[in-house]
Amino acid sequence: MEQNFVERMNKSLTDLKTEIISNLVVSNENFREIVEGMDPKDLADIASDDIDRKMIEAIGSQELKRLKLIDSALTRIQQGKYGLCMKCGKRIPQDRLEAIPYALMCIECKTAEERRNR
């Protein structure tokens, strides 16, 4: 894989990681504000607050999962294994890596995995 491409992806992954961490901090602050702002209300308001909290938690867990994938991709860059499918070992197309810089698998392996999980 071209060194320029790998360097560009390294920067992209690092920028994405910084953005996710910033978003998680903001989300956690929003979560704290919701919890601190709660006072005895009718059941509909409490249910609405609960949904808001669960939505923030879900967003946070999705972002944490992406953060782990990004860290894994950065480690693969350091090891010289970036861009290789974790399942079959073939090269992941650059177009796929540009769209999803933390992709673990080539399109064929990812599609097969998604079919099995249905």
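The values are calculated or read from the model by the stated rules, or taken from the named source; none is laboratory data. Since we're looking at a predicted model, the values are computed, not measured. Cβ coordinates were reconstructed from backbone atoms using ideal geometry, including for glycine residues, and neighbour counts include every protein chain displayed.
Is it the case that residue 49 is modelled with pLDDT under 65, over 25 Å from residue 109 (Cβ atoms) and surrounded by fewer than 11 Cβ atoms within 10 Å (Cβ to Cβ)?
Values: modelled with pLDDT under 65: yes; over 25 Å from residue 109 (Cβ atoms): yes; surrounded by fewer than 11 Cβ atoms within 10 Å (Cβ to Cβ): no.
No: the conditions fail for residue 49.
I'm checking my understanding of the structure. Among residues of segment 81-118 that are closer than 11 Å to residue 9 by Cβ and among the small types (Gly, Ala, Ser), which one is surrounded by the fewest Cβ atoms within 10 Å (Cβ to Cβ)?
103
Could we say that residue 70 is modelled with pLDDT under 80, among the β-branched types (Val, Ile, Thr) and in a helix (DSSP H, G or I) here?
On the way: modelled with pLDDT under 80: no; among the β-branched types (Val, Ile, Thr): yes; in a helix (DSSP H, G or I): yes.
No, not satisfied.
Do we find that residue 77 is within 14 Å of residue 8 (Cα to Cα), modelled with pLDDT of 95 or more and over 17 Å from the mean Cα position of the chain (by Cα) in this structure? Give the derivation first.
Numbers: within 14 Å of residue 8 (Cα to Cα): yes; modelled with pLDDT of 95 or more: yes; over 17 Å from the mean Cα position of the chain (by Cα): yes.
Yes; evaluated as a whole, the condition is true for this residue.
Applying the selection to segment 82-106, what residues are within 18 Å of the chain's Cα centre (by Cα) and assigned to a helix (DSSP H, G or I)?
96, 97, 98, 99
Starting from residues that are farther than 14 Å from residue 63 by Cα and surrounded by fewer than 13 Cβ atoms within 10 Å (Cβ to Cβ), keep the ones in segment 16-37 and report whichever is modelled with the lowest pLDDT. Quick ask: steps written out before the conclusion?
Quick first cut of segment 16-37, residues farther than 14 Å from residue 63 by Cα only: 29-37.
After this cut, where a residue has to be surrounded by fewer than 13 Cβ atoms within 10 Å (Cβ to Cβ) as well, the list is 29, 32-33, 35-37.
On the way: 29: 66, 32: 57, 33: 63, 35: 52, 36: 58, 37: 60.
Ranking the qualifying residues of segment 16-37, first place goes to 35.
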